[in-house]
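Beneath this line is the structure, given in structure tokens, with notes to follow.
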Amino acid sequence: MANFDWTADYADLVSRYPNHEPRPLVGITGNFGDRGCELAEGYFRSVEAAGGIPVVLPPTDDTAVLLSCLDRVDGVLLSGGGDINPLFFGQDPSPALHGINGRRDRCELLLTRLAYDRQLPLLGICRGIQVMVAALDGTLYQDIVADRPAYASPLVKHSQDADRHVATHYVEIEEGSTLHELLGRWLAVNSFHHQAVAEPGPHFRATAHASDGIIEGVESVDFRFAVGVQWHPECFQPAGDNSMLPLFRRFVDECALYRRARHLHSRVLTLDSHCDTPMFFDKGVDFDHRDSKVLVDLHKMAEGGLDATVMVAYLPQGERTRQGYEAAKAKANALLDGIETMVRNCQGVELARTPDDLYRLKHEGKRAVMLGIENGYAIGTDVTLVEHFRRRGVVYMTLCHNGDNDICDSARRSNGEHNGVSPFGADVISEMNRTGMMVDLSHASEKSFYDALDISRSPIVCSHASARALCDHPRNLTDDQLRALARTGGVAQVTLYHGFLRTDGEATVTDAVDHLCHMIDVAGIDHVGIGTDFDGDGGIRGCASAAELLNFTRHLLRRHFSEADLEKIWGANFLRVMRQAQETASAEFRPA
């Protein structure tokens, strides 16, 4: 008999509310039928059973509503329903095409692309797998009977008319995939469709197939949770069958991890200590928008939860002549001018000179840019230019790049002419100390590194370097260097350049996390950070641009780092050194 007394439930909920643990919010795309927006029960029941809170995302043409939804949910489940209009994926409609649902197509394709850019966990079911692939540059069959190549195997049953609780055929799931981990190798599925994935595209790989070769499952290749299945796993839960629950639990767990990462980024200041984006300013970069020419812009910073970046004026090592020095100085000033102009022309971003500036701008909801110089070649043989650039707001200068200059020997393309730091270089370091400019020893030889540690009165930084123990490259830091850096209070910022992460094969975000963890084991949690080298050849699968930096945090959370640890990694350590350099400068250069 139904219990119509709801007051006891009300009292129980009110008593528990203060201790209520927030659960991840899962947005489920609503179907559109004769009665308007609707949703089959299995979708929200499965999300509830897996520990999530389901909400329906109705088809909408209002992009402001769409963006607001993505700001609030922790994952997106793309539900099944009618076919996608092939005009949306660049094909003329086939005579074999069945009924389309145009009310959903534009909204869901846009929603999926935006959600993927923001690294929201995605689970696509039936139509949902097709939306994922179409939105992210893959291709679809309009009708698997009419469109498949003649050499394809005869079709197994992909009926649209069978009972949704009845399996129609088997699929084989690829070993090593998420689906294999959760559901095993062979699975009887209830797939009802005639549209299907033809080619997964650059962001997915096929991980489940029917015996006729039809793709029945795809997964992201970008080290995030984005899984699509052609069958209907949601139909089992309302009937009391929990065989598909592991898939929903993994999805909801990933939503919870995303929620933790996003909330952490909202509380903690996040700083990338090195990017080379100014190198692309002459390409007509639109920093105020999502510009495909660069890896760092305001849009990508917002997507990845990045508050601040140090943009450097990069100078390749050139001729050490009077003309060469004049050209280097002019180029450095021009690049710094370009950064200042870019910031001035954009809303929501400001230049910062001190750590306090960064924290103030985060509190105001703005992004921040700091100025750096990569290669002391910018000052040539004129030590007074250190003060000139410091007064411009430059917070650090990398003493050299690839090739020796007048300051020190380089880790690469070096003749060892100074046997470390030159006498002029010692004067430069002292002047950097006096003006409060941090000494950056990325690119320096080992002897230059140890010489600079002895000369500098302030701790030094390596704004973009990794661990030589994991990748034997002269640009990386040995364990002895890491320990010496820690003893003197400095920091080393792991970089996302593939050549400094692996000696063979493709480097991914897991390699970068491995390097960071090794550096922590050797130097300690107080002496590490992140310097991506984006737009200077930095960028790896799983963390390919500023938009994907949230993924780095998710991988660190999986390794059980605390919020206090992540705050240090994401900038507090680097800013401690910056603050010390600025506060121990001569009085005229100290922050007000």
Restricted to the range 421-441 and to residues being touching a strand residue (DSSP E or B) at 6+ places or on another chain (Cβ under 8 Å) and part of a loop (DSSP other than H, G, I, E, B), the residue farthest from Gln493 (Cα to Cα) is Ser422
Scanning the range 442-461 for residues that are over 29 Å from Ala592 (Cβ atoms) and not in a helix (DSSP H, G or I) gives Ser442, His443, Ala444, Ser445
Checked Leu247, Leu269, Leu306 against criteria (at pLDDT 95 or above, in contact with a strand residue (DSSP E or B) (Cβ under 8 Å, 6 or more places away or on another chain) and under 30 Å from His180 (Cα atoms)); the one match is Leu247
Exactly one of Gly372, Gly365 is part of a loop (DSSP other than H, G, I, E, B) and either farther than 17 Å from Arg320 by Cα or modelled with pLDDT under 95 (or both), and that one is Gly365
Conditions (1) out of contact with any Asp or Glu (no Cβ under 6 Å at 6 or more places or on another chain); (2) outside any strand (DSSP E or B); (3) crowded, with 18+ Cβ neighbours inside 10 Å -> His418 fails only (1)
The condition from (1) crowded, with 17+ Cβ neighbours inside 10 Å; (2) under 25 Å from Leu371 (Cβ atoms) that Cys471 misses is numbered (2)
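Of everything in the range 90-108 that's without any contact (Cβ under 8 Å) to a residue 40 or more places away in the chain and within 25 Å of Arg118 (Cβ to Cβ), which residue is surrounded by the fewest Cβ atoms within 10 Å (Cβ to Cβ)? Steps first, answer last, please.
Residues of the range 90-108 without any contact (Cβ under 8 Å) to a residue 40 or more places away in the chain: 90, 92, 99-100, 102, 105.
In the following step, the residues that additionally are within 25 Å of Arg118 (Cβ to Cβ) were identified as 90, 105.
On the way: Gly90: 8, Asp105: 21.
Filtering the range 90-108 for residues that are without any contact (Cβ under 8 Å) to a residue 40 or more places away in the chain and within 25 Å of Arg118 (Cβ to Cβ), the one surrounded by the fewest Cβ atoms within 10 Å (Cβ to Cβ) comes out as Gly90.
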query = Within the bounds of the range 329-352, is there any residue that is more than 26 Å from the chain's Cα centre (by Cα), in a helix (DSSP H, G or I), in contact (Cβ under 8 Å) with a residue 60 or more places away in the chain and surrounded by 24 or more Cβ atoms within 10 Å (Cβ to Cβ)?
reply = no
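Can you list the strands (runs of 3 or more DSSP E) found entirely within the range 90-197 that contain at least 1 residues being touching a Lys or Arg at 6+ places or on another chain (Cβ under 8 Å) and at negative phi? Show your work before the answer.
On the way: elements: 122-125, 139-141, 169-173, 186-189.
Ranges flagged: 139-141, 169-173.
Answer yes if at least one residue in the range 466-480 is of a type in the set (D, E, K, R) and more than 19 Å from Ala523 (Cα to Cα), and no otherwise.
Pass one, the range 466-480, residues of a type in the set (D, E, K, R): 468, 472, 475, 479-480.
When the remaining residues are screened for being more than 19 Å from Ala523 (Cα to Cα), the result is none.
No: zero hits.
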Within the range 421-446, the residues that are surrounded by 23 or more Cβ atoms within 10 Å (Cβ to Cβ) and within 23 Å of Thr584 (Cα to Cα) are Val421, Gly425, Val428, Ile429, Met432, Gly436, Met437, Met438, Val439, Asp440, Leu441, Ser442
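Step by step: first the residues of the range 67-89, then only those that are in a loop (DSSP other than H, G, I, E, B) and modelled with pLDDT of 90 or more, then the one that is surrounded by the most Cβ atoms within 10 Å (Cβ to Cβ). Which residue is that? Walk me through it before giving the result.
Taking the range 67-89 first, the residues in a loop (DSSP other than H, G, I, E, B) are 73-74, 79-82, 84-85.
Of the ones still in play, those that are also modelled with pLDDT of 90 or more are 73-74, 79-80.
Details: Val73: 23, Asp74: 25, Ser79: 27, Gly80: 25.
My answer is Ser79.
State which residue is surrounded by the most Cβ atoms within 10 Å (Cβ to Cβ) when the search covers only the range 291-314 and only residues that are closer than 20 Å to Met370 by Cβ and charged (D, E, K, R). Explain how you work it out, then say what you get.
So the first thing to find is which residues in the range 291-314 are closer than 20 Å to Met370 by Cβ, and the list is 294-302, 304-314.
In the following step, the residues that additionally are charged (D, E, K, R) were identified as 297, 300, 307.
Values: Asp297: 28, Lys300: 22, Asp307: 24.
Per the stated criteria, the residue is Asp297.
Matching residues to (1) of a type outside the set (Gly, Ala, Ser); (2) at pLDDT 95 or above; (3) within 26 Å of Asp272 (Cβ to Cβ):
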| position | (1), (2), (3) |
| --- | --- |
| Glu340 | yes, yes, yes |
| Thr354 | yes, yes, yes |
| Gly376 | no, yes, yes |
| Thr384 | yes, yes, no |
| His388 | yes, yes, yes |
| Asp409 | yes, yes, no |
| Ala444 | no, yes, yes |
Within the range 315-328, restricting to residues that are crowded, with 17+ Cβ neighbours inside 10 Å and touching a Ser or Thr at 6+ places or on another chain (Cβ under 9 Å), the one that is nearest to Arg554 (Cα to Cα) is Gln317
Listed by first then second residue, the pairs whose first member lies in the range 517-538 and is in contact (Cβ under 8 Å) with a residue 12 or more places away in the chain, whose partner is part of a helix (DSSP H, G or I) and of a type in the set (Gly, Ala, Ser), with beta carbons under 6 Å and at least 6 positions apart or on separate chains, are Ala523/Ala486; Gly524/Ala486; His527/Ala486
Matching residues in the range 472-518 (touching an Asp or Glu at 6+ places or on another chain (Cβ under 8 Å), farther than 18 Å from Leu556 by Cα and assigned to a loop (DSSP other than H, G, I, E, B)) number 3
Sole miss for Val296 among (1) closer than 27 Å to Tyr396 by Cα; (2) of a type in the set (Val, Ile, Thr); (3) part of a helix (DSSP H, G or I) is condition (3)
Flagged in the range 193-214 as of a type outside the set (Ser, Thr, Tyr), crowded, with 21+ Cβ neighbours inside 10 Å and out of contact with any His (no Cβ under 6 Å at 6 or more places or on another chain), in numbering order, are Gln195, Ala196, Val197, Pro200, Phe204, Ala208, Ile214
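Determine which member of the set Leu136, Leu123, Leu183, Leu140 is of a type in the set (A, V, I, L, M), surrounded by 18 or more Cβ atoms within 10 Å (Cβ to Cβ) and either in the same structural domain as Ala302 (by TED's automatic domain parsing) or over 19 Å from His203 (Cα atoms) (or both). Working first, answer last.
Details: Leu136 fails: either in the same structural domain as Ala302 (by TED's automatic domain parsing) or over 19 Å from His203 (Cα atoms) (or both); Leu123 fails: either in the same structural domain as Ala302 (by TED's automatic domain parsing) or over 19 Å from His203 (Cα atoms) (or both); Leu140 fails: either in the same structural domain as Ala302 (by TED's automatic domain parsing) or over 19 Å from His203 (Cα atoms) (or both).
Testing whether each residue is of a type in the set (A, V, I, L, M), surrounded by 18 or more Cβ atoms within 10 Å (Cβ to Cβ) and either in the same structural domain as Ala302 (by TED's automatic domain parsing) or over 19 Å from His203 (Cα atoms) (or both) leaves just Leu183.
The values are calculated or read from the model by the stated rules, or taken from the named source; none is laboratory data. None of the values given here were measured: they were computed from a predicted structure. Don't worry about glycine lacking a Cβ; one is built from the backbone with ideal geometry, like all the others, and counts go over all protein chains shown.
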